[in-house]
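**Q** The structure that follows is given in the form of structure tokens.
The values are calculated or read from the model by the stated rules, or taken from the named source; none is laboratory data. Keep in mind that this is a model prediction, so the values were computed, not measured. When we count neighbours, we look across all protein chains shown, and the Cβ atoms used for this are built from the backbone with ideal geometry, even at glycine.
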Amino acid sequence: MSKIHARPLNPLNPGLGAVLEDVDLNNLSDSDFDAIRTALYLHNVVCIKSQEKLTPKSQAELTRRFDPEAQSYGHGKTIDAKRSILHPDLKTVPHQPEVQVIGNGFVADYEGLKDITLKHPHHRTFHKTVIPDEEDLDCTRFYRWHIDAALYGRLNPPLVTSLLAVRVPAGRTQTLLYDDGTGDSLQVPLGTTAFVSGYTMFDILTPDQKQFALNSKIEYAPHPYVWMSNAKSRPDGLGMVSEDRELALNDLPPIESAADIQILPMVWQNPITKKFALQIHPSVVRKIHCRDGSIIDNLAQVRDIVHSLQRPGIAPQYVYAHDWQEGDLVLFNNHGVLHSVVGAFDKNEVRLFRQCNLAASSPPVGPEALSAQCV
Ligand SMILES: [Fe+2]
């Protein structure tokens, strides 16, 4: 019987965020791991404190334990494509290629990486509109709401992502602006990672929207992160503005097989609670496949539909903004939450994180009705 205890971070919303206590990752029995897995699928984001000594190898092994058949990093080698929007943000640990280093500032030597300069993604490089420079250190935005997933080829969306905070700059807070005409804002710790629950996002839909979501699939673009690399984001970080800036298909790397294009349910099931999460990566949606066989392929319309389904679920009261401390190891259910980088760092604010996820050994589980209909 495991001693591991999960303490919800917000007792009013235990489905999003818990701290795990009494965890010894170097000596993790099967029952301890089961307790962590259960906590992960009940709370969807769990933080294990004081893991400064966790090696990249142990991080990869723990991450793989959620999906022992999983092999490669969640994006495989797809981020090598120079035009991918993911390319600048990630540096691979040479001796543990499933583990990526992310962060901000200059790092002379870390796990075999020498003289690297990390750059915390800034909304200025991705959003259509930006916060003026003079407000930049006080105000911020959600950079990009997403699921960690290649969404192309044979790479299934990873079940779990682990994030270890190695170095965290001294804390201050920022005001996060939605800048979408609602006046919504949120006070957040500097460089937080923001999470929202896909289960809540689904639960608060109208009955008609739920039926639509349960019975529809999303077709993602081929080479999705290259395809949308010239497009700009909405100010809330929840999908792109439609200005015909996507790359034409013949300007993309070759599409080797039509089967490489991923068409996934809008709604993914939690393996323990059996609840449904609305899980859509809004930046790279291309088409919606409806239950009656029709396909919505007008990109602006597709994006508007997806935004109308997702936006209520990122309202301030539903966001969990993790206040990082060095040694925090956060595991999140990548089939049940969306997350976003947040914040603007100064060049001298050094931040160093390690991220690991693995392309899942099987695709997300959609609603049964949909699976039955699509066989
Ligand atoms: Fe991510």
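**Q** Restricting the search to the range 110-152, which residues are closer than 26 Å to residue 364 by Cβ and modelled with pLDDT of 95 or more?
**A** Correct list: 126, 142, 143, 144, 145, 146, 147, 148, 149, 150, 151, 152.
**Q** For the range 236-263, give me each residue that is surrounded by fewer than 20 Cβ atoms within 10 Å (Cβ to Cβ) and not hydrophobic (A, V, I, L, M, F, W, C).
**A** Answer for the range 236-263, where residues must be surrounded by fewer than 20 Cβ atoms within 10 Å (Cβ to Cβ) and not hydrophobic (A, V, I, L, M, F, W, C): 242, 243, 244, 245, 250, 251, 253, 254, 256, 257, 260.
**Q** Being buried (at least 19 other Cβ atoms within 10 Å of the Cβ), among the aliphatic types (A, V, I, L, M) and more than 24 Å from residue 148 (Cα to Cα) narrows it down to one residue among 107, 101, 45; which is it?
**A** Just a single option satisfies the conditions, and that option is 107.
**Q** Looking at the range 242-267, which of its residues are part of a loop (DSSP other than H, G, I, E, B) and in contact with a helix residue (DSSP H, G or I) (Cβ under 8 Å, 6 or more places away or on another chain)?
**A** Selection gives 242, 246, 247, 252, 253, 255, 266.
**Q** Would a scan of the range 243-263 turn up a residue that is touching a strand residue (DSSP E or B) at 6+ places or on another chain (Cβ under 6 Å) and within 23 Å of residue 301 (Cα to Cα)?
**A** Yes, the range 243-263 has at least one match.
**Q** Pairs please, first residue from the range 149-174 and of a type in the set (Asp, Glu), second anywhere and more than 16 Å from the ligand (Cβ to nearest atom) and at pLDDT below 95, Cβ atoms under 6 Å, 6+ apart in sequence or on different chains.
**A** Close Cβ pairs (under 6 Å, with a partner that is more than 16 Å from the ligand (Cβ to nearest atom) and at pLDDT below 95) do not exist here.
**Q** Identify all residues within the range 153-185 that are in contact with a Phe, Trp or Tyr (Cβ under 9 Å, 6 or more places away or on another chain), away from the ligand (no atom under 16 Å from the Cβ) and part of a loop (DSSP other than H, G, I, E, B); write none if there are none.
**A** Residues satisfying the conditions are 168, 169, 171, 178, 184.
**Q** Say we look at the range 12-33 and pick out the residues that are at pLDDT 95 or above and closer than 19 Å to residue 269 by Cα; which of these is surrounded by the fewest Cβ atoms within 10 Å (Cβ to Cβ)?
**A** The qualifying residue surrounded by the fewest Cβ atoms within 10 Å (Cβ to Cβ) is 15.
**Q** Moving to a separate point now. Inside the range 126-147, can you point out the residues that are away from the ligand (no atom under 16 Å from the Cβ) and not in a loop (DSSP other than H, G, I, E, B)?
**A** Within the range 126-147, 127, 133, 134, 135, 139, 140 meet the criteria.
For every residue, the table says whether it meets (1) of a type in the set (Gly, Ala, Ser); (2) surrounded by fewer than 22 Cβ atoms within 10 Å (Cβ to Cβ).
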site	(1), (2)
282	no, no
292	no, yes
295	no, yes
299	no, yes
308	yes, yes
322	no, no
327	yes, yes
335	no, no
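**Q** In the range 110-125, which residue that is outside any strand (DSSP E or B), without any contact (Cβ under 8 Å) to a residue 24 or more places away in the chain and not hydroxyl-bearing (Ser, Thr, Tyr) is surrounded by the fewest Cβ atoms within 10 Å (Cβ to Cβ)?
**A** Filtering first and then ranking leaves 112.
So that you can scan it fast, the table gives a plain yes or no per residue for (1) away from the ligand (no atom under 16 Å from the Cβ); (2) farther than 24 Å from residue 125 by Cα:
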position	(1), (2)
303	yes, no
306	yes, no
309	yes, yes
319	no, no
327	yes, yes
332	no, yes
338	no, no
349	yes, no
353	no, no
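**Q** Which of the residues belonging to the range 6-47 are outside any strand (DSSP E or B), among the hydrophobic types (A, V, I, L, M, F, W, C) and more than 16 Å from residue 277 (Cβ to Cβ)?
**A** 9, 12, 23, 25, 28, 33, 35, 36, 39
**Q** Of (1) part of a loop (DSSP other than H, G, I, E, B); (2) away from the ligand (no atom under 16 Å from the Cβ); (3) crowded, with 17+ Cβ neighbours inside 10 Å, residue 150 satisfies all except one. Which?
**A** (2)
**Q** Sort out which residues of the range 192-205 are small (Gly, Ala, Ser) and either part of a helix (DSSP H, G or I) or in contact with a His (Cβ under 7 Å, 6 or more places away or on another chain) (or both), and write them in order of number.
**A** 194, 198
**Q** Looking at (1) polar (S, T, N, Q); (2) surrounded by fewer than 16 Cβ atoms within 10 Å (Cβ to Cβ); (3) over 30 Å from residue 293 (Cβ atoms), can you tell me which one residue 211 breaks?
**A** (3)
**Q** Assuming residue 228 fulfils every condition listed in (1) closer than 18 Å to residue 307 by Cα; (2) modelled with pLDDT under 95 apart from one, which condition is it?
**A** Unmet condition: (2).
**Q** Kindly check whether there is at least one residue in the range 154-172 that is surrounded by fewer than 19 Cβ atoms within 10 Å (Cβ to Cβ), at pLDDT below 95 and touching a helix residue (DSSP H, G or I) at 6+ places or on another chain (Cβ under 8 Å).
**A** Within the range 154-172, one or more residues are surrounded by fewer than 19 Cβ atoms within 10 Å (Cβ to Cβ), at pLDDT below 95 and touching a helix residue (DSSP H, G or I) at 6+ places or on another chain (Cβ under 8 Å).
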